[in-house]
Amino acid sequence: PMNKQDLIEFVTTKAELTKKDATQVIDAVFDGIIAGLKESKDARFIGFGSFAVQVSAARKGRNPRTGVEIEIPASNRITFKAGKELKAVVNS
């Protein structure tokens, strides 16, 4: 799988940047997406996809080992939906 270092190497080559500059660019992009999601804003990138925050309500669950009922607190989860162009490229 591609990781952050692989992405930095790709950007370094593709954009003809130094590794330090590419790292700063990638970190800035990630920070921008995270900042938007923290404010419950969707991050939409035409052709690529969109990140969104969805709220999972509090609910009751059961410990599978003991069978004891437990409270599962409400939480936010992040979803990603691929854009049409990204799907087309991956599926070609």
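The values are calculated or read from the model by the stated rules, or taken from the named source; none is laboratory data. Source: prediction; values computed, not measured. Quick reminder, even Gly has a Cβ in these numbers, built from the backbone with ideal geometry, and neighbours come from all protein chains shown. Only protein heavy atoms, including side chains, enter the accessible area calculation; ligands, DNA and RNA are left aside. Shrake-Rupley method; radii C 1.70, N 1.55, O 1.52, S 1.80 Å.
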**Message:** Rounded to the nearest percent, how much of the accessible area of the chain (1.4 Å probe, protein heavy atoms only) is carbon and sulfur?
**Reply:** 58
**Complete:** Interchain or sequence-distant (5+) residues whose placed amide H lies within less than 5 Å of the amide H of G49 are G83
**Prompt:** Taking Cα atoms, how many degrees apart are the long axis of helix 19-38 and the longest axis of the chain, rounded to 10 and kept between 0 and 90?
**Reply:** 30
**Request:** Measure nothing but the geometry: give the 0 to 90° angle between the long axis through the Cα atoms of 4-14 and the longest principal axis through the Cα atoms of the chain, rounded to 10°.
**Result:** 20
**Item:** Globularity index of the stretch 50-92, i.e. its alpha-carbon radius of gyration over 2.2 N^0.38 Å
**Value:** 1.89
**Fill in**
At the level of C-alpha centres, the distance separating the stretch 6-65 and the stretch 69-91, in angstrom, is 12
**Prompt:** With each label point set 7 Å from Cα along the Cα-Cβ vector, what nm distance links L37 and A74?
**Reply:** 2.0
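With every protein chain present, what is the per residue accessible area of the chain (1.4 Å probe, Å²)?
Result: 82 Å² per residue.
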**Message:** Using a 7 Å offset from Cα along Cα-Cβ at A52, what residues in the stretch 66-83 end up with backbone N under 19 Å from the label point?
**Reply:** 75-83
